[in-house]
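Here is the structure we will look at, set down as structure tokens.
The values are calculated or read from the model by the stated rules, or taken from the named source; none is laboratory data. Bear in mind that the values here come from a model prediction, so they are computed numbers and not experimental data. Reconstructed Cβ throughout: ideal geometry from the backbone, glycine too, with neighbour counts over all protein chains shown.
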Amino acid sequence: MTTHAEAAPIARIHGEPILAVPEDLYIPPDALEVFLETFEGPLDLLLYLIRKNNLDVLDIPMAKLTSQYLEYVDMMRANQLELAAEYLLMAAVLIEIKSRMLLPKPKAAEDETDDPRAELARRLIEYERIKLAAQRLNALPQSGRDFQLVQVWIDQVSPLRLAQVRPEDLREAWLGIVARAKITQHHTITREQLSVRERMTRVLRALRGTQFVRFEALFDAATGLGELVVTLLAILELAREGLVDVTQQEAYSPIYVRLTGDGNELEAA
């Protein structure tokens, strides 16, 4: 548990805590620089100044814009001399435009629309359009930044293999058939001779010429519970004798019945 007398270290060097700033520590004036605004060129700086002061690109007040631009250039010359050359060139262009606007125009040229700012305004509008288009492109999802590409190689495609049917799945399918039979059953008392062997023949005929038949499709709920029981016994007996396969794709998926090789030979005979 720390006490008030124990001060927290301001830094650690090689694991050793430093509790106070060394008296002989020298920090250069430019050791820490914070760039709040960065520009990609003189047009970017001009556009920033125009939007910051809510100026009209087609009617630029050159005196105000030029003075603010020169202030930024002076700051960049003091800190980044290698970046100031192109900015100085634009400063010269601005001063020239400002000078041309201050000169009196001859009377013969008063009606002419030769504005010294026209070329600069055209360049600024074109640059702003390109900048906005670049921002929209940069906002699109990019591979490596927003998502990763994944490649998959398939060496061999395995044939479809159906999973074995669990007794629980067969029980649930049977309960569903019985539930539908209770809804459509008739209250008629009759005595009927039911044969499992005869029903096995019907099932084999129903499966003939088909690859898979759904388990529920082999039952007719309208025939009554007795018929359903005999059909279930016939399917189970055929499966026990290896004449049919009872399969499903995965757990809790639909159950299918199909003829095996022996079942096809028996039905053909």
* Structure fact -> For the range 58-74, pairs from a residue that is free of Cβ contacts under 8 Å to residues at least 24 places away in the same chain to a residue that is surrounded by 12 or more Cβ atoms within 10 Å (Cβ to Cβ) and hydroxyl-bearing (Ser, Thr, Tyr), with Cβ under 7 Å and 6 or more apart or across chains, are VAL73/TYR87
* Asked: Consider LYS131 against the criteria (1) at pLDDT 85 or above; (2) more than 30 Å from TYR48 (Cα to Cα); (3) within 31 Å of the chain's Cα centre (by Cα); (4) not aromatic (Phe, Trp, Tyr): it satisfies all of them except one. Which criterion is unmet?
  -> (2)
* To do: Please specify each residue of the range 159-174 satisfying the condition of being surrounded by fewer than 12 Cβ atoms within 10 Å (Cβ to Cβ) and either of a type in the set (Gly, Ala, Ser) or at pLDDT 75 or above (or both).
  => PRO167, GLU168, ARG171
* Determine whether THR201 is modelled with pLDDT under 85 and surrounded by fewer than 17 Cβ atoms within 10 Å (Cβ to Cβ). => no
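Would you mention how many residues in the range 199-257 are of a type outside the set (Lys, Arg) and assigned to a helix (DSSP H, G or I)?
28
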* Quick check: is even one residue across the range 18-36 modelled with pLDDT of 80 or more and not β-branched (Val, Ile, Thr)? -> yes
* Consider only pairs whose beta carbons are under 7 Å apart and that are at least six residues apart or on different chains; among these, list those whose first residue lies in the range 121-140 and is basic (Lys, Arg) and whose second residue is part of a helix (DSSP H, G or I) and surrounded by 10 or more Cβ atoms within 10 Å (Cβ to Cβ). => ARG123/LEU43
* Taking the range 254-269 on its own, how many of its residues are in contact with a strand residue (DSSP E or B) (Cβ under 6 Å, 6 or more places away or on another chain) and at pLDDT below 60? -> 1
